[in-house]
Amino acid sequence: MASLTRAGSVTVTLDGSNKSASLPLLEGTLGTPVADIRKLYNDLGIFTFDPGYGETASCESKITYIDGDAGVLLYRGYPIEQLAEQSDFVEVCHLLMNGDLPDAAGLAKFRKDVTYHTMVHEQLRRFFDGFRRDAHPMAVLCGVVGAMAAFYHDNLDINDARQREIAAFRLIAKVPTIAAWAYKYSLGQPFIYPRNDLSYAANFLHMLNAVPAEEYKVSPTLEKAMDLILILHADHEQNASTSTVRLAGSTGANPFACIAAGIAALWGPAHGGANEAVLKMLAEIGDAKNIPAFISEVKDKNSHTKLMGFGHRVYKNFDPRAKIMKQACDSVLKELGVTHEPLLEMAVELERIALTDEYFVQRKLYPNVDFYSGIILKAMGIPTSMFTVIFAVARTIGWISQWKELIEDSSQRIGRPRQIYTGADKRDYVPVAGRG
Ligand code: SDX
């Protein structure tokens, strides 16, 4: 496996002084080289400034690679298109976590290890009763996953490889159970236990939709669609929630706390909450004839209205996941016999108009993974409030894989960014009697 290689250097000179620094230029397997600035303060007495870390590499990683200009997404080197077409989510979990596609025996063992961790400690059920029934399921998921540390403290030595692996299996396997129970809790329906005879995606759908009163057969169409959605959302380099998991992990916090932090960060509408926001946006637009007025509102900076499901920090061309999702949309709706889906028709029209409008073209705003995912999920009968929960179920393997890579990277230190201070200069305290 490749590692960082020296590819020359970058010389930085301070104007008006004779001071300069030679920064190593480092290259990885693919992608943009980086200037190693770790000696910059020592050599020049300055820091770098990059709000939102748009131009800053926080770590070296071997897990996922994105080429934003070419619309390329690789999981451990395998193109997302091939994995979506030929793999399944549990196999992708093995790939992301362990670095390679397993052989038949390895896959069978991994599948079994996941399957036999899907039940949760019976006492964990009581946590749900502390929430209001109308609580957003992301609030419940975040709370209950964080509480896992109170139940699975028998294997929390993050410096022990076997204990890291057990925690990983517990999270991959139990997060869908907790997610489904958050939904059932909101409905006031009984929790459905996991079933070992079902695939990961089918088991999740069964826990979401089954009721004790009658048998629930999982539709193969829905099982395949859910498995695809999980694959497409599994990992995505150092996005906001993954960076949150890494920052929490860099302090030595337990994996359950780190993943709960990732869930919290994912919830934001600028990130994983966008799929829910897309459906709300389409509902607010209401009809295709209102699209031009909506586009004008988006272009008016004072409106602060965003075209949800569009734009991306890295993709400045199409998001390959959105392309696959759009194709899946068409086939899932067709297989479900949905011949007329106004939301999809409006989304396609919105995309057509946006992609021809100079405002979006100039800013390289294209549909991202969240633009079409909500339409499939809605067609599958999943309520909007559960869209980001499903994103979190999928991303748990990405977060866990990145967390493991961080813990196993001997060069990693606690994350502690610097700042540039523009507050008040040093001043002396004035007692309240003297203020006026
Ligand atoms: C995800 O990072 C990841 O990998 C995330 C993710 C993953 O798998 O983990 O891919 C998942 O979070 C996808 C993104 C989902 N979010 C949305 O769809 C929300 C809408 N998108 C925007 O909020 C925005 O595009 C971001 C947050 C996704 C990206 O923001 P950036 O990189 O900070 O871009 P920017 O705000 O600097 O935008 C550049 C310009 C600005 O205009 P100007 O100031 O130059 O005039 O484009 C405009 C922005 O106002 N712009 C938009 C827009 N997104 C950016 N204008 C209207 N609608 C939008 N959606």
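The values are calculated or read from the model by the stated rules, or taken from the named source; none is laboratory data. Bear in mind that the values here come from a model prediction, so they are computed numbers and not experimental data. Here the Cβ positions follow ideal geometry from the backbone for every residue, glycine too, while neighbour counts run over all protein chains shown. With ligands, DNA and RNA removed, areas are computed over all heavy atoms of the protein, side chains included. Shrake-Rupley method; radii C 1.70, N 1.55, O 1.52, S 1.80 Å.
Details
- Apportionment of accessible area to carbon and sulfur, segment 360-436, percent (1.4 Å): 50 percent
- Taking label points 7 Å from Cα along the Cα-to-Cβ direction, Leu4 and Tyr116 give a separation of 4.1 nm.
- Kirkwood hydrodynamic radius (C-alpha pairs) into Stokes-Einstein, the chain, 25 °C and 0.890 mPa s, D in µm²/s: 104 µm²/s
- Segment 364-420 - convex hull of the alpha-carbon atoms, volume per residue in Å³: 170 Å³
- Averaging 1/r over every pair of different alpha carbons in segment 129-245 and inverting the result gives a Kirkwood radius of 16.0 Å.
- Of the trypsin sites (Lys or Arg not before Pro) found in segment 318-420, those that fall in a DSSP loop while having at most 13 other beta-carbon atoms within 10 Å are Arg363, Lys364, Arg413, Arg418.
- Per residue, the chain exposes 50 Å² of accessible surface when a 1.4 Å probe is rolled over the protein heavy atoms with every protein chain present.
- Rolling a 1.4 Å probe over the protein heavy atoms of segment 131-187, with every protein chain left in place, gives an accessible area that is 50 percent carbon and sulfur.
- Rolling a 1.4 Å probe over the protein heavy atoms of segment 20-114, with every protein chain left in place, gives an accessible area that is 51 percent carbon and sulfur.
- Projecting the alpha carbon convex hull of segment 29-113 along each direction and taking the average yields 8.1 nm².
- Residues of segment 108-146 with amide N under 17 Å of the 7 Å Cα→Cβ point at Lys280: 134-140
- Stokes-Einstein D (µm²/s) once Rh is taken as the Kirkwood radius of segment 242-340 over alpha-carbon pairs, at 25 °C in 0.890 mPa s: 149 µm²/s
- Our summary of shape: the Cα atoms of segment 217-293 have principal axis extents of 53, 39, 20 Å, ordered from largest down, in whole angstrom.
- Ratio of Rg to Rh for segment 290-402: 0.99 [Cα atoms; Kirkwood radius as inverse mean 1/r over pairs].
- For Asp330, solvent-accessible area (1.4 Å; no DNA, RNA or ligand), Å²: 70 Å²
- Cross-link table Lys323/Lys404; Lys174/Lys224; Lys39/Lys62, entries beyond 26 Å C-alpha to C-alpha: Lys323/Lys404
- Using 0.36 nm per residue and subtracting the Cα-Cα separation, the extra length available between Cys59 and Ala424 on full extension is 128.0 nm.
- Nonlocal amide H pairs with Ser9, under 5 Å, H built at 1.01 Å: Leu25
- When the helices of the chain are scored as -39500 (n - 2.57) per DSSP H run of n ≥ 4 and the total is divided over every residue, the value at 222 nm lands at -14500 deg cm²/dmol.
- Cut-off 15 Å (backbone N to label point 7 Å along Cα→Cβ of Asn196), residues of segment 151-168: none
- Distance between the 7 Å Cα→Cβ label points at Asp69 and Glu214: 5.7 nm.
- With each label modelled as a point 7 angstrom along the Cα→C-beta vector, the Ala105-Thr384 pair spans 5.2 nm.
- The chymotrypsin sites (Phe, Trp or Tyr not before Pro) found in segment 43-140 that occupy coil by DSSP, while having at most 13 further C-beta atoms within 10 Å, are Phe47, Phe49, Tyr116.
- Spread over its residues, the convex hull of the C-alpha atoms of segment 259-314 is 95 Å³ per residue.
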